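Structure, as structure tokens:
What follows is calculated from the coordinates using simple rules that are stated; it is not laboratory data. This structure is a prediction, so every number in the text was calculated from the model and none was measured. Don't worry about glycine lacking a Cβ; one is built from the backbone with ideal geometry, like all the others, and counts go over all protein chains shown.
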Amino acid sequence: MKSIIHINWIALAPRLRHLQGLDRKNYIQQRKQWIYGYRNQLLSTQLGCVIDQQDFSLAEYGKPYLHTHPDFSFNHSHSRNFYALATSHQVQNLGVDIEDLDRKVRFEALAQHAFHPEELRQWQELSYDPEYWFKVWTTKEAVLKASGLGIRINLNELNTQVYPEQNGGRCEHPDIGMYAYQNYVLVGCMLSVAWQSEQSCKGFKFPVIQIHPGV
């Protein structure tokens with residue numbers, strides 16, 4: 001049976017209009033609660049049972065997982081304007097990252113700090129194309145989140161091997177192993193999903209990835 005990764009994503013602004021007028025501290029707190037509640041709602045629908053906070057545990061380096069459903073993998077991400085949840089019953093060690101394409105970023109400074117020399121060279125050859133920057137950044141974040149190590153390895157030591165003409169590939173690092181990834185340029189955002197991958201005599205087998213925009 002073909003492995004499947006489901007990705008739910010939504011624009012946050014229409015969902016959070018009721019929080020307008022709150023001071024910054026309360027807005028951030030209420031926004032976080034809404035996002036976690038929405039995540040739990042999506043997980044409950046997919047698993048066919050009620051999921052709440054007591055079902056979650058943290059792995060060694062802080063990555064959340066469902067101890068009540070150990071064979072079910074998920075990861076989520078949110079930016080200022082968007083939210084994404086990646087889930088799978090077959091694919092383990094998932095990571096997802098989403099970023100607003102209009103986000104104000106110190107592109108050069110962050111690239112110098114976080115990009116592998118090959119990624120930096122490619123970006124410079126593309127005349128500092130912001131879309132390529134976001135593709136590398138979200139891929140790097142998704143891979144590190146999938147590994148469970150986060151930023152405990154040096155970002156500039158991970159070469160994602162992202163190429164401008166492709167929206168998917170694979171990369172590896174001695175501390176985390178090999179990961180595959182897929183990139184999506186959606187309306188207003190860049191989304192990347194990554195998962196642990198093993199090479200076989202038939203090459204790399206990519207799962208079916210199904211995108212479900214929120215309504």
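Here, region 1-93 has an Rg and a Dmax of 14.5, 50 Å when only alpha carbons are counted. Projected onto their three principal axes, the Cα atoms of region 70-189 cover extents of 44, 34, 25 Å, largest first.
Counting pairs of Cα atoms in region 137-181, how many percent are more than 13 Å apart?
Numbers: 462 of 990 pairs.
Cα-Cα pairs of region 137-181 separated by over 13 Å account for 47 percent.
Could you work out the helix-only [θ] at 222 nm for the chain, with each DSSP H run of four or more residues adding -39,500 (n - 2.57) and the total divided by the number of residues, to the nearest 500 deg cm²/dmol? Mind showing how you got there, number by number?
Details: 4 runs with 59 residues, N = 215.
Estimated from H runs of four or more residues: -9000 deg cm²/dmol.
Across I28, I153, I98, mean-square fluctuation computed from a Gaussian network of the chain (C-alpha pairs under 10 Å connected) peaks at I28.
Alpha carbon centre of region 153-203 versus region 75-144: separation in Å? Each part reduced to its Cα centre gives a spacing of 10 Å. The charge dipole of region 90-215, taken about its Cα centre with unit charges on the Cβ of Lys, Arg, Asp and Glu (plus for the first two, minus for the last two), comes to roughly 320 debye.
Extension gain W34-S57, at 0.36 nm per residue separation less the Cα-Cα distance, in nm?
Numbers: separation 23, 0.36 × 23 = 8.28 nm, distance 1.94 nm.
Additional length available on full extension: 6.3 nm.
List the GluC sites (Glu not before Pro) within region 28-114 that fall in a DSSP loop (any state other than H, G, I, E or B) and whose Cβ has at most 12 other Cβ atoms within 10 Å. Write down the numbers at each step before the final one.
Details: sites: E60, E99, E108; in loops: E60.
Passing sites in region 28-114 are E60.
Alpha-carbon geometry of region 89-130: the Rg and the Dmax are 13.9, 41 Å, given in that order.
Taking chymotrypsin sites (Phe, Trp or Tyr not before Pro) across region 51-87, the ones in a DSSP loop with at most 11 further Cβ atoms lying within 10 angstrom of their Cβ are Y61.
Counting only the Cα atoms, the chain fills a convex hull of 145 Å³ per residue.
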